[in-house]
Amino acid sequence: MKLSFSDQDELFRKEVAAWLTTNLSGEFTKLRFRGGPGDEHMFPEERKHWEQKLAEGGWTCIGWPKEYGGRGCTIEKQVIFFEEYARAGAPGRVGHIGEGLAGPTLIAFGSEAQKQKYLPGIRAGKELWCQGYSEPSAGSDLANVKTRARFDAEKGKWILNGQKVWTSLAHEADYCFVIARTDPESKAHKGLGFFLVNMHQPGIEVRPIQQITGTSEFNEVFFDNAECDADDIVGAPGEGWKVAMGLLGFERGVSTLGQQMQFQNELNEIIRIARENGASKNPVLRQRIAKAHAELKIMRYNSMRMLSGSAWSDGSLQKEALIYKLFWASWHRELGELAMDVLGPECEILEAAPYQLSRLQAMYLFVRSDTIYGGTNEIQRNIIAERGLGMPKEAKVQ
């Protein structure tokens, strides 16, 4: 694992920092430090414009191969980009699902026609994506999906019926990658397909899910005879599980660096407040702040370790990646609790509705979900035990 940067890397750092300083101004000034967990509902249109501004400067998809519009940046340069992005207080990315998940998956598994059709819109910051994985009966147990895809030979299209849930930013998305069952008789991970679905069509309904924060960045998505072109299945029918698992590898790949960027901003805000209100003089709080800082560094180093030795171009990662979700979800939940303790008892009181939560109040409420979505902590421990340590699978009740 390489933890140092070359002279060329440091020149790249100056280039990134200079561009952000120049461009994160004017109409974009109000976006600084906005758009993180629990705050994703803020300034949606302005953040879409920011995506296009990044694209104009060549700062989207920097890790993609050059032939697909990226810069082909090394892991070190991608780390630098996310570090400087955080330092500048640049906003949460509305295009991260397309850039970090859909794009790399298409590059690894998609046809050339699919790459030519979808990658330019992601690269330009003009087409946003959402993820159609979880269902009411298939959250942590993704292999239990019930959404169906039937091929209509007369139309030459796949017809989708079913429901997805907890779909982040579905109300803003132009496309959704959907896991659906192509073989109605199949079970578990067999008989699945991975589909690229246009969200702007009849037969798709998006319903917001209002959360305890009062926001609705999560949604339910209903497919009622929604259509997908015959050429918009990635891989063959029945290969959806392989593609889906490759995508989850990307989710725990380079995109983790952007997530840590948000975490660092939140921790910096907690430290600033602790210094201002005197909470930093409390030895217990000071120790908890130090612990949060050290563990965030550990998170970064583990990300670099799991990326540096991985064949991540196809989503495959080292076993070190198996611990990542459990580690960051538990850490982030504790950070929310730390934020409330640093703010003091006043943070529990708001005058009257409509309640205007501060960034840290919204973050505290949001992080209660971190140990649930994307696979609960219990599921993550099972994955570590079975896939990482080779232990026998948990016995099932007959």
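The values are calculated or read from the model by the stated rules, or taken from the named source; none is laboratory data. On a predicted model such as this, the values are computed, not experimentally measured, just so you know. Glycine gets a Cβ as well: all are built from the backbone with ideal geometry, and neighbour counts include every protein chain shown.
If you check LEU267 against the conditions, is it among the aliphatic types (A, V, I, L, M), assigned by TED's automatic domain parsing to the domain that holds TYR355, farther than 17 Å from PHE109 by Cβ and touching a His at 6+ places or on another chain (Cβ under 9 Å)?
Details: among the aliphatic types (A, V, I, L, M): yes; assigned by TED's automatic domain parsing to the domain that holds TYR355: yes; farther than 17 Å from PHE109 by Cβ: yes; touching a His at 6+ places or on another chain (Cβ under 9 Å): yes.
Here the answer is yes, as LEU267 does meet what is asked.
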Report summary line: All-but-one check, ASP224 against (1) surrounded by 17 or more Cβ atoms within 10 Å (Cβ to Cβ); (2) of a type in the set (D, E, K, R); (3) more than 30 Å from GLU76 (Cβ to Cβ), failing number (1)
Requested in this report: From the list GLU51, GLU45, GLU67, GLU76, pick out the single residue that is in contact (Cβ under 8 Å) with a residue 12 or more places away in the chain and closer than 19 Å to GLY125 by Cα.
Outcome: GLU51
**Report entry** Cβ-Cβ under 6 Å pairs, at least 6 apart or on other chains, region 211-236 side at positive phi, far side surrounded by 20 or more Cβ atoms within 10 Å (Cβ to Cβ)
**Finding:** GLY235/VAL243
Report summary line: When THR60 is run through (1) surrounded by fewer than 22 Cβ atoms within 10 Å (Cβ to Cβ); (2) under 15 Å from TRP19 (Cβ atoms), the failure sits at (1)
Query raised in the report: Looking at region 102-122, is at least one residue buried (at least 20 other Cβ atoms within 10 Å of the Cβ), among the β-branched types (Val, Ile, Thr) and more than 27 Å from TRP59 (Cβ to Cβ)?
Result: no
**Report entry** Filtered residues of region 3-60 (kept if under 23 Å from the mean Cα position of the chain (by Cα) and either of a type in the set (Ser, Thr, Tyr) or more than 25 Å from ILE97 (Cα to Cα) (or both))
**Finding:** THR60
Requested in this report: Test PRO392 against the stated conditions and say whether it is farther than 30 Å from ALA274 by Cα and modelled with pLDDT of 90 or more.
Outcome: yes
Query raised in the report: In region 142-153, is there at least one residue being more than 27 Å from MET42 (Cα to Cα) and acidic (Asp, Glu)?
Result: yes
Query raised in the report: Mind checking which residues of region 78-93 are buried (at least 22 other Cβ atoms within 10 Å of the Cβ) and more than 19 Å from MET304 (Cα to Cα)?
Result: ALA90, PRO91, GLY92, ARG93
Query raised in the report: Just one of the numbered conditions (1) over 27 Å from TYR301 (Cα atoms); (2) of a type outside the set (S, T, N, Q); (3) in a helix (DSSP H, G or I) is not true of LYS14; which one?
Result: (1)
